[in-house]
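Data first, discussion second: the structure below is written as structure tokens.
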Amino acid sequence: MKRLLIAAVLTGALGIPVAAWATGHHAISEKVLGAASVAQPFTFDVSKPGDVVVAKATVPAGASFGWHSHRGAVVAVVTKGTLSLYDSADPTCTAHRYSAGQGFTEQANHVHLARNEGRKPVVVLVTYLGLPHGVSPDVPAASPGNCKF
């Protein structure tokens, strides 16, 4: 069964329709909501049992998430538009831009800001890993002072 699920996920991530056979020959279908390449290597350490939350964010033109961190690790997939991501540890306040088909990761408790600097909405699929049960995944943060906004 693991081999079947892995094949289904990989096939779906490549944009090919996915259909697999489960026990009893009932068809299983899967719709990939978004797939992206992640340029930087990453690892996550989830040391305690926690929740997994999957969310879809639609960011209007000019909107910002504000400075914040997350209580758990994050994997994000941009499915529409371009999202600009600013790192609190970057003294130059240089934007990292992620367009549709690109993704990124964030470690828990890392302060950053994401915003839509374009003219059309941005859509981002976000998966939060290892959250304490029942809490909001996002934690507002003060501006670190490295950016003028």
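Read-outs throughout are calculated quantities, based only on the coordinates presented, and are distinct from any laboratory measurement. Note that the structure is a prediction, hence the values are computed from the model and not measured. Every residue, glycine as well, gets a Cβ built from its backbone with ideal geometry; the counts of neighbours run over all protein chains shown.
Measure off 7 Å from each Cα along the Cα-to-Cβ vector at residue 146 and residue 30, then give the distance between these two points in nanometres to one decimal.
Spacing of the two 7 Å Cα→Cβ label points: 3.6 nm.
If the cut-off is a Cα-Cα distance under 29 Å, which lysines reach residue 48, setting aside same-chain residues fewer than 8 apart in sequence?
Once the sequence-local lysines are set aside, what remains near residue 48 is 2, 56.
Based on the mean of other Cβ atoms within 10 Å per residue, sort peptides 135-145, 37-47 so the most packed one is first.
135-145, 37-47
Taking the stretch 40-149 on its own, what percent of its Cα-Cα pair distances exceed 19 Å?
Numbers: 2619 of 5995 pairs.
The share of Cα pairs beyond 19 Å in the stretch 40-149 comes to 44 percent.
Of the peptides 109-118, 67-76, how do they stack up when ordered by the mean number of other Cβ atoms within 10 Å, highest first?
Values: 109-118: 18.6, 67-76: 20.2.
In decreasing order of mean packing, 109-118, 67-76 become 67-76, 109-118.
Using a 7 Å offset from the Cα along the Cα-to-Cβ direction at both residue 37 and residue 64, what is the distance between the two label points in nm, to one decimal?
Result: 3.1 nm between the two label points.
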